[in-house]
Amino acid sequence: MSERKTAKDFHPETLRLFDRYVHGDISRRDFLTGTAKFAVAGVTALSILEALTPNYALGQQVKPDDKSLSASFVEFPSPNGNGTVRGYLVKPAKATGPLPVVLVVHENRGLNPHIEDVARRFAKAGFIALAPDALFTLGGYPGDEDKARELFGKLDQTKTRQDFIESVAYLQKLEGGNGKVGVVGFCYGGGIANFLATEVPTLAAAVPFYGRQGELEKVAQIKAPLLIHYAGNDERVNAGAKAYDDALKAAGKNAQSYTYPDTQHGFHNDTTPRYDKAAAELAWQRTVAFFGQHLKA
């Protein structure tokens, strides 16, 4: 296996262009054109793009057939959303007693192998985890990042948000669960975690990773404790961070924000060079402890 590249192996402007590309602000051609000026001997803009693209084998921490886990795909109705939600449900195989439950919300590519792995990590930590696929209504995650982002832009986000609200309700009644549901989300999913905190008063905890902040005028509605993770070098998301933090504090909410210095948007995703091992591990430890505190009986 080739040596894992890190964000420091790329020009900062290249990383900014990549962030704009993966969030649909510029086209693939624009990324390649903009990156070409930073290519050095023997390196092309295309090879830079390939190096920044997720390598799912690199980030697999828990094998899909891990014998200590029970994993399956489930479907349930979402009458106010897209009709049906499909998700990857993972439990400890030999669990005794009701377990705390975590809803895992993906980035803007649907339920890819990385998010499935994150769900398994939560199950290894003693939780029941469900990772829905917002792209199910359009045929599901297509196995290709560019195609997934293209499909994502076609979603009716009003209906999709309802699917996630329904997912919380499904998990609150799940057999084997203790009725206490927390949500963790990454990028797009971080925005969904903030959204659910404002919309679902029975949500037990929310952990957004570098996600769009909730609507400030709805902060007063939040009942769940929040643990918020930000990347230090993430101008796009961080632009709204202070106003959100100030609103949460002014409303007397149970909310804690952490910013991880010198990290990129997506620092927890260990399938790409934007991954920061130290920050990801610290954020994960904080997240598991936070869920342990608020979701267990």
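Some notes on this structure:
- Overall, the accessible surface of the chain at a probe of 1.4 angstrom is composed of carbon and sulfur to the extent of 50 percent.
- The distance linking the stretch 31-81 with the stretch 264-278 is 11 Å (Cα centroid to Cα centroid, whole angstrom).
- Spin-label pair HIS11-ALA289: with each label point 7 Å from Cα along the Cα-Cβ axis, the two points sit 4.1 nm from one another.
- Across ALA206, ALA250, ALA148, mean-square fluctuation computed from a Gaussian network of the chain (C-alpha pairs under 10 Å connected) peaks at ALA250.
- Cα extents of the stretch 48-114 along the three principal axes, largest first (Å): 47, 35, 18
- Label-to-label distance, nm, for residues given as ALA239 and ASP146 (7 Å Cα→Cβ offset): 2.7 nm
- Rounded to 0.05, the FRET efficiency of the ALA278 and GLU175 pair, given R0 = 30 Å and the Cβ-Cβ distance, is 0.20.
- Paramagnetic reach from LYS63 (point 7 Å along Cα→Cβ, amide N under 20 Å) across the stretch 98-128: 113-126
- Surrounding net charge for HIS294, when Lys and Arg each add one and Asp and Glu each subtract one, Cβ distance under 12 Å: +3
- Rg/Rh ratio calculated on Cα atoms of the stretch 1-123 (Kirkwood radius): 1.09
- Directionally averaged shadow of the stretch 121-208, computed from the convex hull of its alpha-carbon atoms, nm²: 6.2 nm²
- Sites GLN256 and THR44, calculated FRET efficiency, Cβ-Cβ separation with R0 45 Å, nearest 0.05: 0.55
- Per residue, the solvent-accessible area of the chain (1.4 Å probe, heavy atoms of protein chains only, all protein chains present) comes to 46 Å².
- Projected onto its three principal axes, the C-alpha set of the chain covers 59, 47, 36 Å, listed from the longest axis down.
- 12 Å cut-off, amide nitrogen to a point 7 angstrom out along LYS249 Cα→Cβ, residues in the stretch 226-242: 242
- Calculated mean residue ellipticity at 222 nm for the chain: -11000 deg cm²/dmol, from DSSP H runs with n ≥ 4 weighted as -39500 (n - 2.57), summed, divided by the residue count and rounded to 500.
The values are calculated or read from the model by the stated rules, or taken from the named source; none is laboratory data. What you see is a predicted model, and the numbers here were worked out from it, not measured in a lab. All Cβ positions, even for glycine, are placed from backbone atoms using ideal geometry, and neighbour counts span all protein chains on display. Note: areas computed on protein heavy atoms with side chains; ligands, DNA, RNA excluded. Shrake-Rupley method; radii C 1.70, N 1.55, O 1.52, S 1.80 Å.
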